[in-house]
Amino acid sequence: MASYEDHVLLEATRFRRAIEDAKQAGDLDAPHPGFRDFPQGSCGAATVMLCTYLAERGLDGWLYACGKRENPHETHAWAEREGLVVDITADPFPEHGTVYVGPRTPWFDTWEPSYGPPKVDRVAPDDDYMEGPAYQAILRHLP
């Protein structure tokens, strides 16, 4: 039987692929222009959507982590739950691959994170935020 971490990795990888497929099909251009340079600059929205997706599959309890650091000034977002990190947008940084699921590494410690619940209300299909229509477009590309 697969471990919890393996299950999260499988679902996170599926979700990442669905984002890439939706972007390639042009399905994210209108609903969320922040995905134009995915994964660059889309970590916040992608993490909120990932937390929603995981919760819908019974893998809930994730916190939204938004980190910042200086020299140079950068920000990055990922999800954490009880010491487990899931990050589907770390590839602009050479320290991690496309999808990372595992314990906090020294790389995550280089960020000054603030934590909070993911704003999952932003992904409702009829909301006023861009995340709702973008999330629905991504879901259409899942197997």
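Order 21-27, 3-9 from most to least packed using the mean count of other Cβ atoms within 10 Å.
Working: 21-27: 16.4, 3-9: 14.4.
By packing density, highest mean first, the sequence is 21-27, 3-9.
First select every other residue whose beta carbon is under 12 angstrom from the beta carbon of THR75; then total the charges, Lys and Arg +1, Asp and Glu -1.
Net charge around THR75: -1.
So what's region 1-43 giving for Cα Rg divided by 2.2 N^0.38 Å, two decimals?
Compared with the compact-globule rule of thumb, region 1-43 sits at 1.40.
Where in region 1-43 does the amide nitrogen come within less than 14 Å of the point 7 Å from the Cα of GLU82, taken along Cα to Cβ?
Within reach of a label on GLU82, which here means backbone N under 14 Å from a point 7 Å along Cα→Cβ, region 1-43 contributes 3-8.
Using 0.36 nm per residue of separation minus the Cα-Cα distance, give me the extension gain between ARG104 and HIS73 in nm, one decimal. Each step should come with its number before you reach the end.
Details: separation 31, 0.36 × 31 = 11.16 nm, distance 2.13 nm.
Using 0.36 nm per residue and subtracting the Cα-Cα distance, I get 9.0 nm.
Need the full-extension length gain, TYR4 to GLU95, defined as separation in residues times 0.36 nm minus the C-alpha distance. One decimal, nm.
30.4 nm
If the elastic network links every pair of Cα atoms under 10 Å, which of LEU84, LEU50, LEU28 fluctuates the most in the Gaussian network model of the chain?
Looking only at LEU84, LEU50, LEU28, the biggest GNM fluctuation is shown by LEU84.
Mind sorting out which of [x] -0.70; [y] -0.90; [z] -0.81 is the real log10 I(q)/I(0) by the Debye sum over Cα atoms at q = 0.15 Å⁻¹ computed from the coordinates?
Matching entry in [x] -0.70; [y] -0.90; [z] -0.81: [x].
Just the number please: accessible area per residue for the chain, 1.4 Å probe, all protein chains included, in Å². Intermediate results must be reported in sequence, preceding the final value.
On the way: 7380 Å² over 143 residues.
Ligands and nucleic acids excluded, the result is 52 Å² per residue.
Based solely on C-alpha atoms, express the radius of gyration and the Dmax of region 20-93 in angstrom.
Rg, Dmax (Cα atoms, Å): 13.2, 39.
Roughly speaking, to the nearest percent, how much of the chain's 1.4 Å accessible area is carbon and sulfur?
Details: 3740 of 7380 Å².
Answer for the chain is 51 percent, counting heavy atoms of protein chains only.
I'd like the Karplus ³J(HN,Hα) series for region 85-98: coefficients 6.51, -1.76, 1.60, θ = phi - 60°, whole numbers in Hz, and an x wherever there's a Gly or Pro.
3J(HN,Hα) across region 85-98, in whole Hz: 10, 10, 9, 9, 9, 7, 5, x, 9, x, 6, 10, x, 5.
Each residue of region 56-64 in order: what ³J(HN,Hα) in whole Hz does its phi give by Karplus 6.51 cos²θ - 1.76 cosθ + 1.60, θ = phi - 60°, with x for Gly and Pro?
For region 56-64, the Karplus-derived couplings read 5, 9, x, 10, 9, x, 7, 9, 7 Hz, x marking Gly and Pro.
Projecting each Cα onto the charge dipole of region 5-143 (Lys/Arg +1, Asp/Glu -1 at the beta carbon, about the Cα centre), which of GLY116, CYS43, ALA65 comes out farthest on the positive side?
About the Cα centre, the residue reaching furthest to the positive side is CYS43.
The values are calculated or read from the model by the stated rules, or taken from the named source; none is laboratory data. Everything numeric in this text was worked out from a predicted model, so none of it was measured. Please note: Cβ atoms are built from the backbone with ideal geometry, for glycine as well, and neighbour counts cover all protein chains shown. The area values use the complete protein model at the heavy-atom level, side chains included, leaving out ligands, DNA and RNA. Shrake-Rupley method; radii C 1.70, N 1.55, O 1.52, S 1.80 Å.
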